[in-house]
Amino acid sequence: MLVSDIYAVRKDDLPKLYAYEVNTTDNRNSIAGKLAYRLKKKYPGHWTSLFGTVISDRSLSQDELQEFLNSLWGISNSPFKNLIEVRTKSGWIPNANEISTFVAKGLLSDFDEQIASQMRKENVTSIKGVRIERQHEFRGWVVNNHPSVSISVSSKIILENNLEHYIRKGVNPLKQYVSVAYQSTKGEVTEIIGPLSDHKERLMALAQDPYTIKSIEDAPDDVNVVAVRVGQNTYHYIATSLNISLTLQNAPLFAVSSKLVSSHLKFKSEDRKRLISQIKSRVAEKGLLQNNYDSHNNPDLFPEFFSVPYNEQVIVGKGQKCNFSPRSIIENLKKYGLYKYSETLKNKVLRMGVLASSNYTNDQKLTSFVNGIRNGLRDLGFDLDITNSLKFKSMDRVDLERSVDELIDARPDIILAVFPGKPDEEGDIEEVDLYHIFKQVTIRNGVGGQVVNYETLSNQYALQNILLGILGKTGNIPYVLASPLDFCDIVVGIDIAREKKRHLPGTKNAAAIARVYFNNGDFMRYTIHDAPIEGETVPSDVLEGLFPVKEFAGKKVVIHRDGYFRGEERRTLINRAESIGAEFSLIEVIKREAPRLYLDDNGMIKSPQKGNIFIIDRDNAFLISSPPPFRDSTPRPVRIHNFGPISMKQAIRSVLALTQLHYGSLNPPRMPVTIHYSDKIASFALEGIKPPQLSGSIPFWL
């Protein structure tokens with residue numbers, strides 16, 4: 001039986017609710033959220049906001065509202081200076097979405113401190129200088145038209161010393177993710193504003209909660225004030241009130257092992273479910289939540305669209321069909337050859353440069369590994385030509401850049417870089433700075449780059465991963481789907497990344513990326529478009545340029561969006577399809593937010609399997625698109641939002657099938673290959689790290 005972490009709301013026990021409409025020239029959603037926070041501090045009751053409307057169980061007269069607005073307008077540098085009015089929405093009847101949001105963010109917030117205290121008993125502090133905290137979250141959903149609430153438990157890794165400590169040690173705080181002490185607020189540091197002495201009066205006027213006020217009062221005058229971007233908003237905090245959120249990527253910067261951190265993040269399904277059951281028991285006294293949704297009591301919400309665990313057959317060389325298996329695909333490629341060979345590799349000779357830390361250049365382990373690549377490529381029909389081998393000094397940026405440039409002068413098809421350190425449980429590189437520099441130089445020069453950690457050199461399974469990665473990065477197509485997606489001609493993945501320019505208000509840099517595949521998963525091309533834009537919406541000509549008439553006219557196209565469509569993006573794409581006589585099926589694939597699913601095997605809680613589905617309404621579903629990244633953990637579903645015209649089953653298959661075509665690894669990723677690594681590609685593009693040709697057929701991101 002499949003079970004979820006989502007509980008139906010008992011509507012009969014809800015208090016009477018009131019809605020207050022916000023009228024502002026600023027972003028309504030943002031202002032409504034800030035207003036709900038201020039109202040909560042002033043008036044007893046529960047307050048939250050949704051889509052620019054403040055919702056409460058407290059009734060205020062129009063005179064009370066106006067008096068409160070007058071007080072906000074009197075604050076120096078008030079964020080409410082463009083708030084025109086707030087009026088009661090007469091005749092308002094809350095819908096399911098508004099009810100679920102109010103219960104999750106309003107009524108259940110009464111239990112936050114009790115639950116946080118309970119969660120602190122689950123915290124891990126066995127890593128020196130690091131604290132791993134277990135946190136809970138309530139979130140509103142609408143399941144089959146009924147208001148519902150999910151209960152989630154997650155882990156936050158923070159450094160025990162605050163941000164100010166590391167600034168004084170010389171660490172650059174920009175782009176570090178931080179969390180506010182004793183709050184759930186988290187965001188990215190974008191700027192150092194200056195010393196507190198220059199901003200204390202302003203910050204004290206804006207502060208609302210007792211902790212913030214006291215922390216400002218007690219802080220020395222020379223403490224740094226920094227800007228933190230939270231969603232679409234930017235706030236100013238003193239650096240002593242901020243904790244750095246540690247990730248597997250930035251851990252080495254603070255001398256913390258990524259592998260050690262990841263080992264403490266493992267959260268068994270039964271442990272996760274135990275904590276959530278405890279939270280549900282604690283809030284049960286209010287009687288707001290019914291039982292959670294499961295496949296026994298709600299079979300229609302857990303359809304078996306496909307066999308589980310999901311697996312699509314693929315075609316390798318000679319038209320041979322075979323089952324997709326991470327451990328058997330290499331053997332099938334050896335036996336039958338690749339589906340399509342790169343036209344850029346003359347006579348099937350692959351030219352490779354080798355770059356290694358000076359510690360490893362005469363190392364037998366490295367020599368054996370390169371020979372393993374040579375033998376593996378020979379088994380797959382390629383000869384390996386080592387163009388040259390160079391060494392670099394660890395962590396020396398200039399030396400690394402010079403070495404890569406020298407290797408590129410020999411015109412290799414790919415460069416193998418061996419870096420120090422160990423991979424974490426998901427294969428990420430610990431030496432983040434080295435990896436970033438290496439990718440900068442190789443991508444900008446249009447040369448493939450394959451990174452491997454020294455500790456991985458003796459891992460035979462990793463060698464197979466690297467062989468597939470080398471083949472993909474040099475333009476080969478190892479395999480495609482045996483059964484093409486018969487409901488479309490082309491599948492396109494798009495992502496649009498934005499970054500605010502620091503000194504030009506309202507202006508942003510944007511990078512739009514499209515990856516185009518045939519309906520059998522054969523890669524056609526990528527296109528990158530980057531330009532400064534105004535406001536939130538990407539200009540229609542940028543989006544239209546990703547879908548040229550010559551390729552897309554008259555075609556049925558499935559479009560995967562990494563995350564949400566913003567502004568007028570959906571309307572622009574629909575208009576483009578109509579103008580060229582095409583049919584565009586739009587699908588959002590959202591990595592975050594989705595609560596967990598579990599397999600209940602006669603009372604034993606286990607991880608769900610690839611292909612398990614929870615349909616929350618006609619257009620939305622939670623999908624287990626990949627197994628968990630490591631043993632003893634619970635996979636995080638992706639959320640599929642299907643805008644049609646294809647069916648939900650077809651939308652889900654388009655995602656699942658294309659998770660099997662990531663040639664950079666034998667382990668299928670959570671996201672389909674159309675948008676896998678989209679955020680990384682987009683962030684590279686925003687930094688100017690992009691191939692010399694902004695359209696091409698070599699997947700440089702693998």
Qualifying positions in region 316-345 - under 15 Å from Gly521 (Cβ atoms) and in a loop (DSSP other than H, G, I, E, B): Val316, Phe324, Leu338, Tyr339
The lone exception for Glu578 - which of (1) in contact (Cβ under 8 Å) with a residue 12 or more places away in the chain; (2) out of contact with any helix residue (DSSP H, G or I) (no Cβ under 9 Å at 6 or more places or on another chain) it fails: (1)
Close pairs from region 373-391: first under 13 Å from Gly353 (Cα atoms) and among the acidic types (Asp, Glu), partner assigned to a strand (DSSP E or B) and open to solvent by less than 40 Å² (accessible area, probe 1.4 Å), Cβ under 8 Å, at least 6 apart: Asp385/Leu350; Asp385/Met352
Filter result (touching a Phe, Trp or Tyr at 6+ places or on another chain (Cβ under 6 Å) and modelled with pLDDT of 85 or more) within region 433-448: Ile443
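Residues Phe267, Phe306, Phe324, Phe254: which one is of a type in the set (Phe, Trp, Tyr) and in contact with a Ser or Thr (Cβ under 7 Å, 6 or more places away or on another chain)?
Phe267
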When residues of region 283-315 are limited to those that are assigned to a helix (DSSP H, G or I) and not acidic (Asp, Glu), the one modelled with the lowest pLDDT: Lys286
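Go over the candidates Ser325, Ser307, Ser295 one by one and state the one that is open to solvent by 30 Å² or more (accessible area, probe 1.4 Å) and closer than 18 Å to Asn667 by Cα.
Values: Ser307 fails: closer than 18 Å to Asn667 by Cα; Ser295 fails: closer than 18 Å to Asn667 by Cα.
Ser325 is the lone residue from the list that is open to solvent by 30 Å² or more (accessible area, probe 1.4 Å) and closer than 18 Å to Asn667 by Cα.
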When residues of region 384-406 are limited to those that are in a strand (DSSP E or B) and over 13 Å from Phe419 (Cα atoms), the one most open to solvent (accessible area, probe 1.4 Å): Ser389
Flag for Ser625 being of a type outside the set (Lys, Arg), in a loop (DSSP other than H, G, I, E, B), within 18 Å of the chain's Cα centre (by Cα) and under 28 Å from Leu546 (Cβ atoms): yes
Residue that is farthest from Pro627 (Cα to Cα) [pool: residues in region 331-348 that are open to solvent by less than 50 Å² (accessible area, probe 1.4 Å) and modelled with pLDDT of 90 or more]: Ser342
Flag for Gly381 being assigned to a loop (DSSP other than H, G, I, E, B) and either modelled with pLDDT of 90 or more or buried (at least 16 other Cβ atoms within 10 Å of the Cβ) (or both): yes
Selection from region 549-563 of residues that are touching a strand residue (DSSP E or B) at 6+ places or on another chain (Cβ under 6 Å) and open to solvent by 50 Å² or more (accessible area, probe 1.4 Å): Lys555, Lys556
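Going by the structure shown, is Ser76 loosely packed, with under 12 Cβ neighbours inside 10 Å, in contact (Cβ under 8 Å) with a residue 12 or more places away in the chain and of a type in the set (Ser, Thr, Tyr)? Steps first, answer last, please.
Values: loosely packed, with under 12 Cβ neighbours inside 10 Å: yes; in contact (Cβ under 8 Å) with a residue 12 or more places away in the chain: yes; of a type in the set (Ser, Thr, Tyr): yes.
Here the answer is yes, as Ser76 does meet what is asked.
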Filter result for Pro637 (surrounded by 24 or more Cβ atoms within 10 Å (Cβ to Cβ), out of contact with any helix residue (DSSP H, G or I) (no Cβ under 9 Å at 6 or more places or on another chain) and either on the phi > 0 side of the Ramachandran plot or not aliphatic (A, V, I, L, M) (or both)): yes
Failed criterion for Gly611 (all others in (1) at positive phi; (2) at pLDDT below 95; (3) small (Gly, Ala, Ser) hold): (2)
Residue satisfying all of: in region 407-422; open to solvent by less than 30 Å² (accessible area, probe 1.4 Å) and either modelled with pLDDT under 75 or farther than 24 Å from Leu377 by Cα (or both); nearest to the chain's Cα centre (by Cα) among these: Gly421
In region 494-532, the residues that are of a type in the set (Gly, Ala, Ser), at pLDDT 80 or above and open to solvent by 40 Å² or more (accessible area, probe 1.4 Å): none
Qualifying residue in region 673-682 (condition: crowded, with 24+ Cβ neighbours inside 10 Å, touching a Lys or Arg at 6+ places or on another chain (Cβ under 6 Å) and at pLDDT 85 or above): yes
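Can you tell me which residue is most open to solvent (accessible area, probe 1.4 Å) among those in region 244-282 that are among the hydroxyl-bearing types (Ser, Thr, Tyr) and part of a helix (DSSP H, G or I)?
Taking region 244-282 and keeping what is among the hydroxyl-bearing types (Ser, Thr, Tyr), we get 245, 247, 257-258, 262-263, 269, 277, 281.
Pick out the ones that are also part of a helix (DSSP H, G or I) and you get 258, 262-263, 269, 277, 281.
On the way: Ser258: 0, Ser262: 1, Ser263: 50, Ser269: 5, Ser277: 51, Ser281: 83 Å².
Here the answer is Ser281.
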Check on Pro628, open to solvent by 20 Å² or more (accessible area, probe 1.4 Å) and within 29 Å of Asp271 (Cβ to Cβ): yes
First in region 675-702 and over 12 Å from Ile443 (Cα atoms), second anywhere and of a type in the set (Val, Ile, Thr) and surrounded by 15 or more Cβ atoms within 10 Å (Cβ to Cβ), Cβ under 7 Å, 6 or more apart: Ile675/Val589; Ser678/Ile513; Ala682/Ile513; Ser695/Thr527
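Taking the conditions exactly as written (surrounded by 22 or more Cβ atoms within 10 Å (Cβ to Cβ) and at pLDDT below 95), does Gly664 satisfy them or not?
Numbers: surrounded by 22 or more Cβ atoms within 10 Å (Cβ to Cβ): yes; at pLDDT below 95: yes.
Criteria met by Gly664.
Yes/no matrix, rows are residues, columns are (1) buried (at least 18 other Cβ atoms within 10 Å of the Cβ); (2) closer than 28 Å to Asn323 by Cβ:
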| site | (1), (2) |
| --- | --- |
| Met604 | no, no |
| Asp632 | no, yes |
| Ser647 | no, yes |
| Gln650 | yes, yes |
| Pro668 | yes, yes |
| Gly688 | no, no |
| Leu694 | no, no |
Failed criterion for Val103 (all others in (1) outside any loop (DSSP other than H, G, I, E, B); (2) open to solvent by less than 30 Å² (accessible area, probe 1.4 Å); (3) touching a Lys or Arg at 6+ places or on another chain (Cβ under 9 Å) hold): (3)
Filtered residue count, region 1-32, keeping only those that are part of a helix (DSSP H, G or I) and open to solvent by 30 Å² or more (accessible area, probe 1.4 Å): 5
Subset of region 581-599 [in contact with a helix residue (DSSP H, G or I) (Cβ under 7 Å, 6 or more places away or on another chain), closer than 29 Å to Ser150 by Cα and either open to solvent by 10 Å² or more (accessible area, probe 1.4 Å) or hydrophobic (A, V, I, L, M, F, W, C) (or both)]: Leu586, Ile587, Val589, Arg596
Filtered residues of region 606-622 (kept if part of a strand (DSSP E or B) and either open to solvent by 40 Å² or more (accessible area, probe 1.4 Å) or among the hydrophobic types (A, V, I, L, M, F, W, C) (or both)): Lys606, Ile613, Phe614, Ile615, Ile616, Asp617, Ala621, Phe622
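When you look at Ile127, is it part of a loop (DSSP other than H, G, I, E, B) and in contact (Cβ under 8 Å) with a residue 60 or more places away in the chain, yes or no? Full working, then the answer.
Details: part of a loop (DSSP other than H, G, I, E, B): yes; in contact (Cβ under 8 Å) with a residue 60 or more places away in the chain: yes.
So Ile127 passes the test.
The values are calculated or read from the model by the stated rules, or taken from the named source; none is laboratory data. Just so it is clear, the structure is predicted and the values come from calculations on it, not from any experiment. Cβ sites come from the backbone with ideal geometry, for glycine too, and all protein chains shown count toward neighbours. Keep in mind that these areas ignore ligands, DNA and RNA; they rest on the heavy atoms of the full protein, side chains included. Shrake-Rupley method; radii C 1.70, N 1.55, O 1.52, S 1.80 Å.
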